[in-house]
1. Could you work out [θ]222 nm for the chain from helices alone, using -39500 (n - 2.57) per DSSP H run of at least four and dividing by all its residues? Round to the nearest 500 deg cm²/dmol.
2. Let me know the number of lysine pairs in the chain closer than 13 Å at the Cα, not counting same-chain pairs under 8 apart.
3. Among Leu30, Leu118, Leu55, which one shows the highest mean-square fluctuation when the chain is modelled as a Gaussian network with alpha-carbon springs under 10 Å?
4. Fewest first, what order do Met20, Met76, Met148 take by the number of other Cβ atoms within 10 Å?
5. Using the beta-carbon distance between Thr85 and Ala138 and R0 = 30 Å, what value does 1/(1 + (r/R0)^6) give for FRET efficiency, to the nearest 0.05?
6. Test of understanding: in a Gaussian network model of the chain with alpha carbons linked when under 10 Å, which of Glu56, Glu47, Glu105 would top the mean-square fluctuation ranking?
7. Which one is right for this structure if mean projected area of the Cα convex hull in nm² is calculated from it: (i) 11.2; (ii) 13.5; (iii) 8.7?
8. Counting DSSP beta bridges in the chain, what percent are antiparallel, to the nearest 5?
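The numbers here are math on the coordinates, done by the rules we state, and not lab data. Quantities reported herein were computed from a predicted structural model and do not represent experimental measurements. Note that we place each Cβ from the backbone using ideal geometry, even for glycine, and neighbour counts take in every protein chain shown.
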Amino acid sequence: IVVFTDACLQREKGKASIGMAAIDSCGHLLHAFGTPIQFVGKAITAEALAIREALERALQKGWSKVHILSDAKNVMQMLQKNLITSWDIETICKDVWRLMKSYEEIKIIYIPRTWNVLAHNLAKISISCINRISWDSAFPSCVVMDAMVSYGHLKHVLK
């Protein structure tokens, strides 16, 4: 299962949100989610929260083999190297590392922002919402189209 994650901040409005979506190896959407979150002030914090939420949701879904994809290069490097270089997200990183131990197979993979259309748009849409948005089926056409774009890049990532 491939899980795309992203975050969105609107500093001038004091708003933040996260988005995530899961796709299987055949390109089928399994889950899409976005939610406004408490304003955290820094993109690095929101991105780390998105990854933690994705891992928690994947566990709830019973997925044991997961690839987490994000365009947050600094966060991904910290998680891959098991090294905290930003104390702003120390606790979140520790949560992520703890969650990672629950998986049979887990990979943390950095992807370019242009490949992360699906999670980016879910985060962007949800920043204006009062409540979370979530689908496990009957996905809106815009989400399906974004999934097709993001899935198209997977052959470059999952070699």
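1. Helices in the chain give a 222 nm mean residue ellipticity of -12500 deg cm²/dmol.
2. Within the chain, the lysine pair count is 8.
3. Largest GNM mean-square fluctuation: Leu30.
4. Met148, Met76, Met20
5. That gives a FRET efficiency of 0.10.
6. Comparing Glu56, Glu47, Glu105 in the GNM, the peak value goes to Glu105.
7. Given (i) 11.2; (ii) 13.5; (iii) 8.7, the calculated one carries the label (iii).
8. Close to 65 percent.
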